[in-house]
Each structure stands twice: as structure tokens, then as C-alpha cells.
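Enquirer: Take a look at this one; I'll ask things after.
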């Protein structure tokens, strides 16, 4: 029995990361920018490139992921407060049926787009290994910050990092980004 359980755990392509108050935004130096174009819950298609000029949070989640649920609420507050200033959230649901998502968001509505990565192609292309995970793109579409695991998006240092990205007037050409 233990060997079977171990084999199943090892074969799992994605896992939920544990809630950790120490999770923080880090420089996204090892993340290669990828195209993101997916169908949206409710119809239509959304692309990250359509949001150039805004700071975009590409947030990978699943409704079965326990730490994802409160983080979606935190992201909703962030979107309501910073959306008018230029922050855009694209939440990417990983490998979930659309009907399950419709039921979930009927009970927990959010003010941002929910994209459908039903075949995990986007999460694989973005090298997402755990849920939730978020990549923050600057106004030129360059990955600048990332967090693996959940994050309280209301924390002062998180808001300051997003404010810094909003204040930039030209793209960064070298490393050294600070979260």
C-alpha cells in the first residue's frame, strides 16, 4: 500500500503548495516570457499581450487547491483597488472542467478574468510546478516577479513592489530587480 501511494505522489504532475506566511515575491530571473492565449470562462479568448501597458499578474490556480481559495479573494481585493491604476489579473485555472469552475465562481465571484488551461499546456510552458503560483509581468510583458505558493496580496511590501512596476517609464534592460 505504501509503495502504491508513493508511486502516485511521484507521478503527480502538479501539487498544491502549503500555505506559508513566509511566501514572498521574488525576482523572476529564471522565467522565460511565454505567450499566453487561452479561452476564458464565459467565452472569448484572452491574451497576456493584449494587456501591454499594464502590470499583469498571471495567476495559476485550481479550485481543489486549498490555499488557492483565500488567495483568489485577496487577488479580488487587489484587482478592485489597483485595477484602476493599471494592474490586470489573469487567473489561469489548471486542468479543471468548465462546469466545475462555473459552480465555484457562482459562489465566490471575482472581478477578473478566469482563463482555461484545460490541457495544462500553458502551465507546462510557464514551468508551473505547484499551485498556486503567480508570475508578475511588467508593462512591457517581461516577467519581473514571481511567487510559488499563496501570498497575501494586501501586504505592504507586495503593494510597494507593484507600485514600483507601475511607476516605471521604460523597460528594464539588466537584472537586479528587487521584489
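The values are calculated or read from the model by the stated rules, or taken from the named source; none is laboratory data. This structure is a prediction, so every number in the text was calculated from the model and none was measured. Quick reminder, even Gly has a Cβ in these numbers, built from the backbone with ideal geometry, and neighbours come from all protein chains shown.
Enquirer: Give segment 98-117 a look and list any residue that's surrounded by 14 or more Cβ atoms within 10 Å (Cβ to Cβ) and closer than 27 Å to residue 22 by Cα, or say none.
Expert: 110, 112, 114
Enquirer: Another question about this same structure. Give the number of residues within segment 17-42 that are modelled with pLDDT of 95 or more and part of a loop (DSSP other than H, G, I, E, B).
Expert: Result for segment 17-42: 1.
Enquirer: Need pairs with beta-carbon distance below 8 Å; first residue on the phi > 0 side of the Ramachandran plot and modelled with pLDDT of 95 or more and within segment 66-87, second assigned to a helix (DSSP H, G or I) and surrounded by fewer than 19 Cβ atoms within 10 Å (Cβ to Cβ); sequence gap 6+ or separate chains.
Expert: 86/166
Enquirer: Listed residues 149, 141; which is surrounded by 14 or more Cβ atoms within 10 Å (Cβ to Cβ), at positive phi and at pLDDT 95 or above? Don't jump to the end; show me each part of the working.
Expert: Values: 141 fails: at pLDDT 95 or above.
Step by step, each of 149, 141 is checked, and only 149 is surrounded by 14 or more Cβ atoms within 10 Å (Cβ to Cβ), at positive phi and at pLDDT 95 or above.
Enquirer: Just to check your reading of the model, which residue among 159, 155, 172, 120 is in contact with a strand residue (DSSP E or B) (Cβ under 8 Å, 6 or more places away or on another chain), surrounded by fewer than 20 Cβ atoms within 10 Å (Cβ to Cβ) and farther than 30 Å from residue 43 by Cβ?
Expert: Working: 159 fails: in contact with a strand residue (DSSP E or B) (Cβ under 8 Å, 6 or more places away or on another chain); 155 fails: in contact with a strand residue (DSSP E or B) (Cβ under 8 Å, 6 or more places away or on another chain); 120 fails: farther than 30 Å from residue 43 by Cβ.
Exactly one of 159, 155, 172, 120 is in contact with a strand residue (DSSP E or B) (Cβ under 8 Å, 6 or more places away or on another chain), surrounded by fewer than 20 Cβ atoms within 10 Å (Cβ to Cβ) and farther than 30 Å from residue 43 by Cβ, namely 172.
Enquirer: Output the number of residues of segment 123-152 satisfying the condition of being in contact with a strand residue (DSSP E or B) (Cβ under 8 Å, 6 or more places away or on another chain), within 25 Å of residue 172 (Cβ to Cβ) and either without any contact (Cβ under 8 Å) to a residue 60 or more places away in the chain or assigned to a helix (DSSP H, G or I) (or both).
Expert: 0
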